[in-house]
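J.: My questions will all concern the structure given below.
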């Protein structure tokens with residue numbers, strides 16, 4: 001999960017989520033993220049990783065899942081040679 | 001939340017002394033922007049608005065929430081970060097999230113991208129400030145926004161006053177907010193040809209209502225929220241009001257988008273006085289709309305003379321815009337607050353830098369510094385908007 005550390009950092013720094021609440025098992029609801037905040041967060045992640053979340057992959061229940069989706073999307077855009 | 005600071009009594013002191021908050025502001029786009037005389041607010045939301053909330057709030061909404069906080073707290077109505085649950089929120093705002101609109105267009109036209117910040121729409125909307133006040137302080141009455149250019153917040157306060165007097169509400173948080181000193185907005189104002197040029201004696205004396213050397217108004221920004229409460233409820237809880245709102249009048253010129261008409265202003269002032277049931281001869285002070293444009297100021301003076309007749313010669317009329325500039329959607333609220341403080345303190349603020357009175361503005365315009373007026377019992381605050389919407393509030397000493 002190479003994107004997880006960034007995800008954890010942006011949640012703590014920009015979205016003021018308490019550090020102890022952040023873990024791969026934490027759900028979006030547990031983190032107190034409402035729908036607008038979630039859309040902003042996805043926007044930040046797209047910018048950071050140069051990816052675009054397809055609609056069907058833009059929902060996830062935990063942070064770990066989110067990181068896995070990001071990692072997938074990053075891998076998919078890498079040249080396969 | 002004004003160009004003179006945050007504490008109402010402090011702001012009043014500075015205005016009383018004739019201190020200007022106007023300064024030269026460097027354009028953020030040096031390639032083609034211009035430096036201008038403006039009246040910005042030194043604003044820091046501090047602990048009042050959590051960092052994450054600010055991501056979704058334009059400057060105008062942030063200033064409104066901080067102003068509301070001060071108002072609710074000083075009225076003694078802040079209980080564990082909450083305001084009165086049954087209160088209404090009445091906010092005047094002409095433009096909304098001006099800098100967010102600018103940022104969005106930058107993304108689209110400059111960066112040739114459709115990747116707008118997702119929260120752009122709820123940040124731009126003019127009613128965002130009212131909604132944020134309602135959400136932040138868990139206030140659940142109606143949250144209404146009046147977007148009537150320069151009259152916005154006078155109307156907001158007037159409508160809140162009526163809702164309370166007519167029994168629809170017991171308490172309201174009413175006022176206005178405006179923050180459009182971003183380059184894109186200021187350039188549009190410049191093009192309209194209504195902004196003041198820098199005065200040879202210094203930028204701080206560039207806003208000169210009623211003066212023969214006036215060249216236009218100085219655009220300002222800020223927010224002011226007032227707690228308006230029914231007399232019964234205020235006295236039941238032992239509150240000590242700053243002043244009493246007793247009348248409100250509003251009218252339309254039905255004439256021109258930017259050219260004022262004395263007839264419409266006369267109707268607003270007369271209706272406000274009629275509404276109050278107070279004899280015009282009891283009015284001792286008018287906080288004028290007078291922005292400092294060559295055409296506007298004499299029209300208001302003419303309208304005042306028509307409303308008050310011979311008594312106009314005994315009235316004091318001042319324009320505090322000479323010091324805090326023109327706050328557009330927040331102007332009426334800031335000026336209503338100043339008028340309330342004038343009644344409370346028995347002292348009236350001046351029209352600063354009024355050194356060469358325009359012969360067409362030949363009333364007592366309180367030049368230079370403020371004046372003790374211990375007998376002051378009734379005062380009026382005027383706002384006349386682009387679009388020809390006029391509004392007047394009548395206040396009485398509490």
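J.: Once both labels are modelled 7 Å past Cα along the beta-carbon direction, what's the residue A:77-residue B:314 spacing in nm?
T.: With each label point 7 Å from Cα toward Cβ, the separation is 7.6 nm.
J.: Still on this structure: Using only Cα atoms, find the angle between the long axis of helix A:63-77 and the longest principal axis of chain A, and express it within 0 to 90 degrees, rounded to the nearest 10.
T.: So the helix axis and the longest Cα principal axis differ by about 20 degrees.
J.: Using a Gaussian network model of chain B with C-alpha springs under 10 Å, which one of B:48, B:100, B:291 is most mobile by mean-square fluctuation?
T.: Among B:48, B:100, B:291, the largest mean-square fluctuation in the Gaussian network model of chain B belongs to B:48.
J.: Give the distance, in whole Å, between the Cα centre of the stretch B:360-389 and the Cα centre of the stretch B:102-122.
T.: If we compute the Cα centre of each part, the gap is 43 Å.
J.: Here's another thing I want to ask about it. Quickly estimate the mean residue ellipticity at 222 nm for chain B, helices only: each DSSP H run with n ≥ 4 gives -39500 (n - 2.57), and the total goes over all residues, rounded to 500.
T.: Calculated at 222 nm, the ellipticity per residue is -9500 deg cm²/dmol.
J.: How far is helix A:4-13 tilted off the main Cα axis of chain A, in degrees rounded to 10, range 0 to 90?
T.: 40 degrees
J.: Please find, in a Gaussian network model of chain B (springs between Cα atoms separated by less than 10 Å), the residue of B:134, B:318, B:119 whose mean-square fluctuation is greatest.
T.: B:119
J.: With 10 angstrom as the radius, rank B:199, B:81, B:326 by how many other C-beta atoms surround their C-beta, starting from the fewest.
T.: B:81, B:199, B:326
J.: Say we join alpha carbon atoms closer than 10 Å with springs in a Gaussian network model of chain A; which of A:37, A:27, A:62 then has the biggest fluctuation?
T.: A:37
J.: Of all beta bridges DSSP finds with both residues in the protein assembly as shown, what is the antiparallel percent, to the nearest 5?
T.: 60 percent
J.: Give me the percent of DSSP beta bridges within the stretch B:8-397 that run antiparallel, rounded to the nearest 5.
T.: Of the beta bridges lying entirely in the stretch B:8-397, close to 60 percent run antiparallel.
J.: Rounded to whole Å and sorted largest first, what semi-axes of the equivalent ellipsoid does the C-alpha gyration tensor of the stretch B:8-397 yield via the square root of 5 times each eigenvalue?
T.: 30, 27, 18
J.: I've got another one for you. Where the centre of each part is set by its Cα atoms, how far does the stretch B:150-185 sit from the stretch B:1-37, in angstrom?
T.: Between the Cα centres of the stretch B:150-185 and the stretch B:1-37 lies a distance of 22 Å.
J.: Oh, and also: Quick one: of the DSSP bridges fully inside the stretch B:62-216, what percent are antiparallel, nearest 5?
T.: Here the share of antiparallel DSSP bridges comes out near 20 percent.
No value in this document is a laboratory result; all are computed from the given coordinates. Note that the structure is a prediction, hence the values are computed from the model and not measured. Reconstructed Cβ throughout: ideal geometry from the backbone, glycine too, with neighbour counts over all protein chains shown.
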